[in-house]
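Quick notes on the structure that follows.
The values are calculated or read from the model by the stated rules, or taken from the named source; none is laboratory data. Note that the structure is predicted; figures quoted are calculated from it, not measured. Note that we place each Cβ from the backbone using ideal geometry, even for glycine, and neighbour counts take in every protein chain shown. Just the protein is used for accessible areas: all its heavy atoms, side chains included, with ligands, DNA and RNA removed. Shrake-Rupley method; radii C 1.70, N 1.55, O 1.52, S 1.80 Å.
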Amino acid sequence: MRRALVVLAVLIGQVLLAGVAQADGVEAGKGRVALIGVPGLHWNDITQADTPNLWELARSSAIGSLSVRTVGGVTCPYDGWLTVAAGMRSASGGSCGAPPIPEQRGEGAVVPGYTNLPEAKGAGTLGEALKSAGTCSIAIGPGAAVALADRSGAVPRYHASPLQVRAEDVAACSMVAMDVDDLIRPYLAGGTMPRVPERLSAAQRRDALRLADAKAGALLSVLPADTTVLLAGLSDHGSVPHLRVAMMRQPGVQGRLLGAESTHREDISIIPDLTTTALTDLGVAVPATVVGVPLQAGDHGATFDRLQRADATAQAIRSIKGIYFTVVAILQVLFYLIAFLLLRRRKGLSWVRLAAVALASLPVASYLVNLLPWSSVTGLLAGALGWTAVITAVAFAGPWRRRPLGPLAVVAGATALTLAGDLLTGTTLQLNSVMGYTAEVGARYYGMGNIPFALLATGTLLIATVIAHRFPGKVGVAVVAGLGLFAMFLDGSGVGSDFGGVIAFVPGIAVTALLIAGKRISLIKLALAGLAGAVIVSGFAVVNYLKPPEEQTHLGRFVGQVLSGEAFDVIFRKLMAMLHTLLSPNLMPVVIAATAFLVYAIMRPEQASAGAVPAAFRHSPALKAGLIGTLVSGVVGMLVNDSGAAILSMALALAVPLLLSVGIAALPREEEQPAPNPKEPLPSRA
C-alpha cells in the first residue's frame, strides 16, 4: 500500500508539473542537458509493463551498454556519482553505499564530507567547470548533488525530490541532474553494497523498478523537447559487476547503438563519457583531467536483446574464467609429470608429442571460438575444444609433420596470425574471451590485453626462429627483427595500445636476434634493450597524447596523467595488481612446473627428458635463441605489467610444450645420423 501511494503521489506531481510547464510555455533552450542516474539498472529491467517511461525513452534514444567500473571491482552508487563529478575513475574509499544526504543551505546545499574523501580524485571537476562558465545547474537527489557540487561540495540549487522542482526552474537552468535511487535503495539496507549477487526477489525488484520509473517520468515530462537526455545505470547492485543501461535522446539517434571512442566500441561507454558529453553539449570547456569523450550514436539495429546478450556473454565468461585457468594449470602440471615419466622410459613419445601440440593449441583456441556464435558455457567450451582439435589436426596433417619444427610452426603461426589479425580488425576475438577481457570488468575494452601480448610475442618469436632456422645468417636475423618489430608496432601503437608490452617485447627481440647472429648477451645489452623499449613506447604515448582528446587511447591519457601528477596512483595500483598475481593458484603452478621442467631438462637431460630438450636445441640453435628471447620477454613483461605472472605463465604454456614436441621428433634423427661437428656450419633443415 505504501509503495502504491508513493507511486500515485509521483504520478500526480508529474501531471501537475506537465500542466504548469504547458501553461508557462517552457521553451527549449539550445545546449540543455538532463542527466538521469538510475543506479543498478540493467537492460533486463526495462519492460513496457513495469517501466513504461524508461521503455519509451529507450525507444526514442540511442542505446548501449555502460561499463560502470570505477576503482574497485564492484561500483557502489556513491562511487558512480563521484566518477561523474570527476570525469575520471573516482571513489569514496573503503566500503561504500549510497551518497550522503546533502545539507540544505538556502536554495542550494552542501554535500557533507565532500572534501575529506581519500580516494575521490578530481571530485568537483564538473561542478567547477559549470560554475566557471556561468552555467546554471539543478541537482535533484543526493547523487546528483555529488555530481554537480564544486570542489567545496556546494551545489547552487538542490531539490530532494522531483516533486519540489518547478517548471520555471527547469526553464532557467541548462543542466539538470537527478538521482533516481528507488531501485538501489533496498539493496543498501545495511548501509553498504551487499556481498551477494542478488539480494531482492524478482517481485521486490519489480516494485522498486516501478518507483524508479515513476520518478524518472516526473522529470522527463517537463523537459523541453530538444533537451539532450542522458540516462545511465550508474552502479552495480550486488557483489557481481554487470554492464548497465546507457541512453542518449537527441534528434536523429533513435534506434542506433550508443558507444564512445573511449572504448573503441560502438555499443559500450564508460561513466566519464557522461561528464564529457554533458559539458560538450552545454558548450562548456572540458577540463584536461577529464578522461571521457562524447558519446556517439553508431549504426542502426540497436535492440534490447542485443544488449541483454552482451551482459549475458560477459557473465558466462566470468563464471567459467577461473575454472578454465584452473583446468589449464592442472593440464600443464600433469603434462610435465607424465612427459617426465614417459620420456625417461622412452615410451609413448608420439602421444607425448601429440599432447604437447594440443596443449599449446589451447590458448589460441580460446580466441578463435569467438568466430562462431555461442550462447552458453557449454557452447564456449565445446568451441574451444573443437578449435584445439582442428589446429592439432592441421599441425600433424601435412608433410610438415615429418619435420621436427613443422607442428611448432603451425601452432605458433596460428597464434601470432590470429592475434595480429584480431588487432587489425578491432579486437573482436579478445573481447569476451576467457584469455582476453570483458567490458563489465572494465580493465580494458580494446587493443592488446596482457595475456594476448604474451601469446603474440611468443608466437611471433617462435615462428621467426623457424624461418631463421631455414635461412640462417643475416637473413634469419633480419626476419626475427622484422617480424618482431612489426608485431611490436601493432602491440604498442594505437592499434594495440599496450604500454608494458613494448617494454617487454624489445628485449626479447634483441636477445633472439643477437643470439642468432652469434653475439654474446650481457646485462648492459639487456638494459639497453629495455631502455629502448621504454623510449619507443614513450614515443607512441607522446604521439597519441598530441591527438585530440576523443582520439586518444590510454597511452596518450597516461601522458596527461604524468603531467597532472596522477600517474603515481596508476603505477601503484598496477604494481599491487602485479604482486597479487604472484600468489595466484592458477598462474604460478604453470610457471613453476614449466620452469622446473625446463631447467632440469637442460641440467640433467638424460634423466629429465631422455635428451629431448638438448636434441631440440642441437637440431635448431635458432629455436634455442627464440626460447631465450621468449623467457626474457616473459620475465620483463611480468615485472612491468599489472597482470604479472599471467604473462610469463602463458608464454611458457605455449613455448615449452612446443619445444618438447621438437625434441621428441629430433631424437630419432640423432640416433640415425652421426653427431655433427660443432666447428662445421649447421646445414639448413626445416
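Quick notes on this structure:
- Length gained when the stretch Arg345-Ala225 is fully extended (0.36 nm per residue, less Cα-Cα span): 35.1 nm
- Solvent-accessible area per residue, Å², over segment 241-356 with all protein chains present [probe radius 1.4 Å]: 43 Å²
- 1.4 Å probe accessible area per residue over segment 31-140, in Å²: 32 Å²
- Ala439 sits among other residues whose Cβ lies under 10 Å from its own Cβ, and their net charge, with Lys and Arg +1 and Asp and Glu -1, is 0.
- Kirkwood-type radius of segment 154-234, with distances r between different C-alpha atoms, in Å: 14.6 Å
- Volume of the convex hull of segment 303-460 (Cα atoms only), normalised per residue: 118 Å³.
- Nonlocal amide H pairs with Arg265, under 5 Å, H built at 1.01 Å: Ala260
- Rg over Rh for segment 192-239 works out to 1.10, both radii taken from alpha-carbon positions and Rh defined as the Kirkwood radius.
- Annotation: extensible slack from Lys519 through Leu334 equals 62.9 nm (criterion: 0.36 nm per residue apart, minus Cα-Cα distance).
- Integer Hz, Karplus 6.51/-1.76/1.60 couplings in order for segment 428-442, x for Gly and Pro: 6, 7, 6, 5, 6, 10, 5, 10, x, 8, 10, 5, 6, 5, x
- Overall form of segment 106-165 per C-alpha gyration tensor (a/c, 1.5; a/b vs b/c): oblate
- Residue ranges 247-254, 502-509 sort as 502-509, 247-254 when ordered by packing (mean number of other C-beta atoms within 10 Å per residue, highest first).
- Residues Trp43, Trp387 ordered from highest to lowest accessible area at a 1.4 Å probe: Trp387, Trp43.
- Two-site label geometry, Glu107 and Ala382: point separation in nm, points 7 Å out along Cα→Cβ: 6.4 nm
- Accessible-area composition of segment 204-311, carbon plus sulfur, in percent [1.4 Å probe]: 48 percent
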